[in-house]
Amino acid sequence: MLDIHWMREHQQDVQRIAKQKGIEVSIEEVLRTYDERKQLQQQIDEERAKRNQLSQEIGKLKARSDTASHAAAEERMSQVRQLNDGLQERETLLKELDVKVNQLLLLVPNMVSPDSPIGKSDQDNVRLKQVGTPPTFAFEARDHVELGSLHDMIDMSRGVKMAGTRHYVLKGTGVLLHRAVQQLAMDYLQEQGFTLMDVPLMVRGEAMTNTAFFPLGQDQTYQIASDDKWLVGTSEVPLISYYANEIVDVKAPIRLAAASNCFRSEVGSAGRDVYGLYRVHQFAKVEQVVLCEADPDLSEEMLQEITSHAEQILHLLELPYQQMAVCTGDMSQKTYKQYDLETWMPSRNSFGETHSSSNLHDFQARRAQIRYRDQAGKLRYCHTLNNTAVATPRILIPLLENHQQEDGTIRIPLALQRYMNGMKELVPAIAQK
């Protein structure tokens with residue numbers, strides 16, 4: 001959420017960003033409705049003050065015994081009744097305007113950094129660097145679904161049978177890999193000073209709104225029937241909500257990390273990336289969240305830091321990747337600046353997104369009311385950031401495909417071997433029989 005006074009001073013800039021992000025909101029209407037509500041509130045306050053004054057006069061006049069004072073009291077009582085009738089109507093209108101102002105403000109996007117590319121979709125994202133070289137195979141490489149079947153570690157058909165499209169079952173070494181990459185990431189982040197958290201996967205709608213996933217992302221979220229509880233699509237929601245409506249100490253940035261299951265409905269993505277494990281309804285993520293002082297230079301430093309953590313995890317997994325500067329049209333409403341990391345996936349013959357890093361400045365903290373006291377003792381809203389340290393099963397796609405051998409075995413990266421009971425490679429299930 002943006003400061004309303006700042007928004008007024010930068011109305012055209014905010015409207016331009018809304019257009020670039022594809023968000024339909026009239027900043028002029030936001031400000032006009034806000035002013036209408038403010039004027040009505042002032043009118044109500046003035047009439048309440050007048051009513052209180054009349055009530056005090058009535059009390060004094062009634063305390064007198066003369067007829068003129070009683071007549072004056074009756075006249076003032078009539079004025080109070082008229083004020084009450086008008087106040088009731090205006091207070092009802094004020095409640096309606098409160099709702100409308102809030103609904104409009106929740107549609108206003110965050111601004112974007114000056115160095116963010118301008119574009120309409122992920123096709124306009126800009127590659128900043130490539131690390132590692134995609135492998136070349138002297139044999140016909142298998143994709144991750146074929147490899148999963150060969151190793152009896154992925155069962156797509158039975159996942160669909162029990163839960164519908166975009167569901168899967170991991171088995172045996174598939175489960176070991178799934179958990180191993182998470183534990184590798186968690187151990188690494190703990191070494192970097194992150195506090196590990198285990199957080200709720202169901203949250204109130206308020207938590208989704210406060211973290212700027214609602215209202216625009218509500219169609220991507222699963223709701224618990226007959227309850228204001230929602231399944232999170234990322235542990236960013238509970239990690240930020242942990243400090244909602246609090247004054248925190250950010251003399252040193254607060255670094256949090258959680259491994260959690262995540263759920264997304266993927267509405268609007270029909271026909272996109274539906275093969276295998278790339279775009280599924282249930283997955284797991286290790287998420288980094290940082291809260292720091294409202295210093296743009298500091299939060300930029302934090303963005304570079306959390307992105308480097310994700311890069312280091314890809315390095316440990318021995319996977320080639322590229323870093324992308326995300327354009328305005330591919331950003332979410334809440335994002336000020338974003339990087340994506342895309343990992344090489346041989347079956348797609350291209351890089352596919354596996355990680356994302358975002359700096360939100362104080363947009364999210366304003367909604368969640370997370371503040372700190374600066375050196376002068378003034379309350380200010382924190383800057384918040386988030387990053388996907390690793391997401392699985394999507395990361396299994398490049399992990400299996402890049403490390404496959406001609407005989408169907410899959411090499412396990414050195415850093416992952418201790419999480420795989422010392423195994424150095426996976427042998428096809430058929431070969432084990």
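Here are the numbers for the structure shown:
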| read-out | value |
| --- | --- |
| Portion, in percent, of the accessible area of the chain that falls on carbon or sulfur, probe 1.4 Å | 46 percent |
| Hydrodynamic radius of the stretch 314-433 per Kirkwood, over alpha carbon pairs, in Å | 17.3 Å |
| Pairwise FRET efficiency - L128 versus L196, Cβ, R0 = 25 Å, nearest 0.05 | 0.25 |
| Probe 1.4 Å - accessible area at I58, Å² to nearest ten | 20 Å² |
| Sites E9 and S113, calculated FRET efficiency, Cβ-Cβ separation with R0 25 Å, nearest 0.05 | 0.85 |
| Potential extension, N349-Q405 segment - 0.36 nm per residue separation minus Cα distance | 18.4 nm |
| Where the chain is the region considered: accessible area per residue in Å², 1.4 Å probe | 49 Å² |
| Tensor-based shape of the stretch 267-325 (alpha-carbon gyration tensor, a/c under 1.5 rounded, otherwise prolate or oblate) | prolate |
| Sequence-separation-based contact order of the stretch 107-254, relative, with Cα cut under 8 Å and 6+ spacing, percent | 14 percent |
| Relative contact order %, the chain, counting alpha carbon pairs below 8 Å whose residues are six or more apart | 20 percent |
| Rg and Dmax of the stretch 96-215, Cα atoms only, in Å | 21.9, 68 |
| The chain: Rg to Rh, with Rh as the Kirkwood radius over Cα pairs | 1.14 |
| Percent of Cα pairs exceeding the 17 Å cut-off, where the set is the stretch 160-292 | 65 percent |
| Two-site label geometry, D35 and S157: point separation in nm, points 7 Å out along Cα→Cβ | 6.6 nm |
| Size of electric dipole in the chain: Cβ of Lys, Arg +1 and of Asp, Glu -1, about Cα centre, debye, nearest 20 | 740 debye |
| Difference of contour (0.36 nm per residue) and Cα-Cα distance, S55 to E74 | 5.7 nm |
| Amide proton proximity set for H355, modelled H, under 5 Å, gap of 5+ | L341 |
| Radius of gyration and maximum dimension Dmax of the stretch 377-416, Cα, Å | 19.4, 66 |
| Crossing angle, helix 67-105 versus the chain [Cα axis fit, 0-90 degrees, rounded to tens] | 20 degrees |
| Neighbour-limited loop hits for trypsin sites (Lys or Arg not before Pro), the stretch 266-321 (at most 11 other Cβ within 10 Å; DSSP other than H, G, I, E, B) | R272 |
| Summed side-chain charge close to D13 - residues other than D13 whose Cβ falls under 14 Å, Lys, Arg +1, Asp, Glu -1 | +1 |
| Shape box of the stretch 215-317 [Cα atoms, principal axes, largest first, Å] | 44, 39, 22 |
| Label-point separation in nm, V274 to A252, each point 7 Å along Cα→Cβ | 5.0 nm |
| Per-pair calculated FRET efficiency, R0 = 30 Å: E96 and S121 via Cβ, rounded to 0.05 | 0.20 |
| Nearest 10 degrees, 0 to 90: helix 173-191 Cα axis against the chain principal axis | 60 degrees |
| Per-residue HN-Hα couplings for the stretch 306-312 [Karplus 6.51, -1.76, 1.60; θ = phi - 60°; Hz; x = Gly/Pro] | 5, 5, 5, 5, 5, 5, 5 |
| Tail fraction, Cα-Cα pairs, the stretch 1-137, threshold 19 Å, whole percent | 68 percent |
| Rg [Å, one decimal], Dmax [Å, integer] - the stretch 153-194, C-alpha atoms | 14.3, 43 |
| Interatomic Cα distance distribution for the stretch 129-188, bins of 10 angstrom, percent | 19, 32, 36, 13, 0 |
| Separation of alpha-carbon centers, the stretch 356-383 and the stretch 1-73, rounded to whole Å | 28 Å |
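The values are calculated or read from the model by the stated rules, or taken from the named source; none is laboratory data. Please read all numbers here as calculations on a predicted model, not as lab measurements. Using ideal geometry, Cβ is built from the backbone for each residue, glycine included, and neighbour counts are taken over all protein chains shown. The protein model used for the area step is the full one, side chains on, heavy atoms only, and it has no ligands, DNA or RNA in it. Shrake-Rupley method; radii C 1.70, N 1.55, O 1.52, S 1.80 Å.
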